[in-house]
Amino acid sequence: MNPYLNFNGKAEEAFNFYKSVFGGEFSAVHRMTEAPESSQLPENERNGIMHIALPIDGHTTLMASDILPSCGHILNEGNNVQISLHPESREETEHLFNGLSAGGTIEMPLEDTFWGAYFGSFKDKFGVQWLVNFEQSQK
């Protein structure tokens with residue numbers, strides 16, 4: 001499964017931020033201007049992201065697009081999407097948690113949990129909610 005996020009004009013900014021944490025290269029970047037009849041969109045929506053994709057590992061690609069308010073799209077930031085990451089080490093867990101939570105709001109700081117994981121959760125500066133869970137048994 002690949003998480004798909006929606007933004008209100010901030011998809012490119014968000015994905016440049018995510019790329020700075022995860023590394024790698026975008027596998028796709030398509031703008032609204034590539035769509036047929038894009039000239040009918042308001043000027044402020046034409047350069048928006050129609051589709052962007054960032055491979056995270058061999059199994060997961062983070063994807064997104066900007067919404068089009070002129071077409072009746074409404075973005076509701078909140079807890080409707082959470083992305084759960086499962087790093088392979090405590091060090092990677094800390095790197096991802098600290099990088100992605102920068103400028104955001106930490107809900108639960110990284111800590112050893114009763115279920116045997118090193119876990120933390122937060123909302124990043126773009127309103128996306130993340131869970132970072134390293135299973136201690138993976139040591």
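The values are calculated or read from the model by the stated rules, or taken from the named source; none is laboratory data. As the structure is a prediction and not an experimental result, all values here were calculated from the model. A quick note on method: Cβ atoms are made from the backbone with ideal geometry, for glycine too, and the neighbour counts reach across all protein chains shown. Side chains are part of the model used for accessible areas, which takes the heavy atoms of the whole protein and leaves out ligands, DNA and RNA. Shrake-Rupley method; radii C 1.70, N 1.55, O 1.52, S 1.80 Å.
Charged side chains reduced to their Cβ positions (Lys and Arg at +1, Asp and Glu at -1) give the chain a dipole of some 120 debye around its Cα centre. Proximity of backbone amide H atoms, modeled 1.01 Å from N, is registered between His73 and Leu68 at under 5 Å, excluding neighbours fewer than 5 places apart on the same chain. Proximity of backbone amide H atoms, modeled 1.01 Å from N, is registered between Phe7 and Ser65, Asp66, Ile67 at under 5 Å, excluding neighbours fewer than 5 places apart on the same chain. Residues whose amide H lies under 5 Å from that of Leu85, counting only those 5 or more places away or on a different chain, are Leu131, Val132, Asn133; hydrogens are built 1.01 Å from N in the peptide plane.
Summed over qualifying helices (DSSP H, 4 residues or more, each -39500 (n - 2.57)) and divided by its residue number, the chain shows a 222 nm mean residue ellipticity of -6000 deg cm²/dmol.
If you bin every alpha carbon distance in the chain into 10 Å steps from zero, what whole percent lands in each bin? Once binned at 10 Å, the Cα pair distances of the chain give 12, 38, 32, 13, 5, 1. For the stretch 64-139, the solvent-accessible area of protein heavy atoms averages 56 Å² per residue (probe radius 1.4 Å; ligands and nucleic acids excluded).
Just need the relative contact order of the chain here, percent rounded to a whole number, with Cα pairs under 8 Å and 6+ apart.
Relative contact order here is 22 percent.
What's the tally of Lys pairs in the chain whose alpha-carbon atoms lie under 22 angstrom apart, where the two lysines are 8 or more places apart or on different chains? For the chain, the number of qualifying lysine pairs is 5. What angle do you read, to the nearest 10 degrees and between 0 and 90, between the alpha-carbon axis of helix 11-22 and the longest principal axis of the chain? That helix lies at roughly 30 degrees to the long axis.
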